[in-house]
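See structure below.
The values are calculated or read from the model by the stated rules, or taken from the named source; none is laboratory data. Every value quoted in this text rests on a predicted model; they were computed, and no experiment measured them. Ideal geometry is used to build each Cβ from the backbone, glycine not excepted, and the neighbour counts take in all protein chains shown. For accessibility, only protein heavy atoms count, side chains too; no ligands or nucleic acids. Shrake-Rupley method; radii C 1.70, N 1.55, O 1.52, S 1.80 Å.
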Amino acid sequence: RMAGGSEWVSPVNPDPRGAILDLKDQLDRRGIGLIVMPTPIKPMIHPEKLNGRQDPRRTALQNPSYDHFKAYLEQRGVLLFDPAPVLMEAKSQSGRPQYLMTDTHWRPEAMALVAEELKKFIQRHVSLDAAPDPGYRTEVSELAQLGDLAVMLDLPANQPICPREKISLWKVMEKEGREPWKPQPAADVLVLGDSFSNIYSLGAMGWGDAAGFVEQLSYRLKRPLDRITRNDNGAYATRELLASEMTKGRDRLAGKRLVIYQFAIRELAVGDWKRIDLKLGTSPETEYLALPPGGELIVRGRIEAVSAVPRPGTVPYKDHVMAILLTDLQADGRPLAETEAVVYMKSMTDHVWTQAARYRPGETVEIRLRSWSDMADRYEGINRSELDDAAHQFAEPCWGEAVQPSS
């Protein structure tokens, strides 16, 4: 179809069944299991919040076609873990909310309960090799925060309508020392997840870190896990990230026995369920600048291309990362042998554009570059837009921060 009458845009594939079965087939060929986890959204568990009346229902408010969808996948061998009954039972038994008051996401105790039930589901349906207990432990902390729904209202400071909500977090820590839990690429279980996995894990979301869904599952399974997460676009974003790793010759599926695919259930109705090939490629020789871990370099270059940046207030997530293509690279006034660099930069913070969001092709800029591997844990899960030209997909990106001119 044509966007704005001038640009070709690939049509959205609205049917999730083909993409999920295609993913299962690709994993089957490598002897890897798949668990699909459509995660209920707030109105499904708390419909009473929509009309202000007490709702006596004991089952989640569900799309009428969901049972058919679930049966269709299960008949074809797809393992589907449904958290909705778990959350409804907890709501009924405790009388307490399962989701944050001013946020679209679940409360920490609800998330932990789902992680516990998923652990039991895995133990019933998937045979994993025994693994030594990594000795994870938890630390309890308290936090008060304003949720994404309240932030989008742009209310004045100190307003009384939406007070900050207090929660308790169970931060998962490594066995030795004070280091928080980290994903392990060599682990035999990989979790693909969206903001329901990132909340309490991705510090930029404002609800703490190292206490998210993957951490809780890893703690309960007593085994390390690998993780690829990205806020929003759960229908395809994490599958694309996985495919990108594979294309560059990094076999993120090596040694895996299980992939858990978590996404917000709304994606079944509104997501783009394109099929994505998970083919292992070989990274070609390129002239892109890449920095080793711990590396840092100030470069000057011309902006060749920038990725799309959302307008503040039009998206639910307060932060965004953009990509830029830098050419004609110089450092200390001398041209570099590597002529180009793909650079990720913060484009929006707390619903406010950064300086980088206003970059335009043709500008010459000075940027402090760091190794993306040093920054990925902090920024990989944030919404990110990529460069349109697929020719840059093999480039190892750098992380960039604008160098402010001296006064």
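D277: accessible area at probe 1.4 Å, nearest 10 Å²?
90
Relative contact order for the chain: what percent, with Cα pairs under 8 Å and sequence separation of 6 or more?
15
Could you sort out which of K91/K120; K70/K318; K24/K346; K274/K346; K49/K120; K120/K166 sit more than 23 Å apart by Cα distance in this structure?
On the way: K91/K120 20 Å; K70/K318 33 Å; K24/K346 34 Å; K274/K346 27 Å; K49/K120 31 Å; K120/K166 29 Å.
Pairs exceeding 23 Å: K70/K318; K24/K346; K274/K346; K49/K120; K120/K166.
Can you order the peptides 158-165, 290-297 by their average number of other Cβ atoms within 10 Å per residue, highest first?
Peptide ranking by packing, descending: 290-297, 158-165.
Of the heavy-atom accessible surface of the chain (probe 1.4 angstrom), what whole percent is carbon and sulfur?
On the way: 9810 of 19840 Å².
It is 49 percent, rounded to a whole number.
Given charges of +1 on the Cβ of Lys and Arg and -1 on the Cβ of Asp and Glu, with all other atoms neutral, how large is the dipole of the chain about its Cα centre, in debye to the nearest 20? Walk me through the numbers on the way to the answer.
Numbers: 52 positive and 57 negative charges, 260 e Å.
Result for the chain is approximately 1240 debye, rounded to the nearest 20.
Pick from K166, K318, K42: which is most flexible by mean-square fluctuation in a GNM of the chain where alpha carbon atoms under 10 Å apart are linked?
Taking springs between Cα atoms under 10 Å, the residue moving most is K166.
What accessible area per residue, rounded to a whole number of Å², is obtained for the range 80-237 using a probe radius of 1.4 Å?
44
With an 8 Å cut-off on Cα pairs and a minimum separation of 6 or more residues, tell me the relative contact order of the range 312-368 in percent.
35
Out of E89, E245, E116, any idea which swings most in a Gaussian network model of the chain, alpha carbons joined below 10 Å?
With Cα springs under 10 Å in the chain, the top fluctuation among E89, E245, E116 is at E89.
Roughly how many debye, to the nearest 20, is the charge dipole of the range 265-386 about its Cα centre, given +1 on each Lys and Arg Cβ, -1 on each Asp and Glu Cβ, and no other charges?
480
Post the alpha-carbon centroid distance, the range 165-207 to the range 96-160, in whole angstrom.
The range 165-207 and the range 96-160 have Cα centres separated by 10 Å.
To the nearest 10 square angstrom, what accessible area does W207 show with a 1.4 Å probe?
It works out to around 0 Å².
Given a 1.4 angstrom probe, what's the average accessible area per residue across the range 249-407, in square angstrom?
That works out to 50 Å² per residue.
Before anything else, pin down the relative contact order of the range 153-222: Cα pairs under 8 Å, at least 6 apart, normalised by residue count, whole percent.
Values: 60 pairs, mean separation 17.9, N = 70.
It rounds to 26 percent for the range 153-222.
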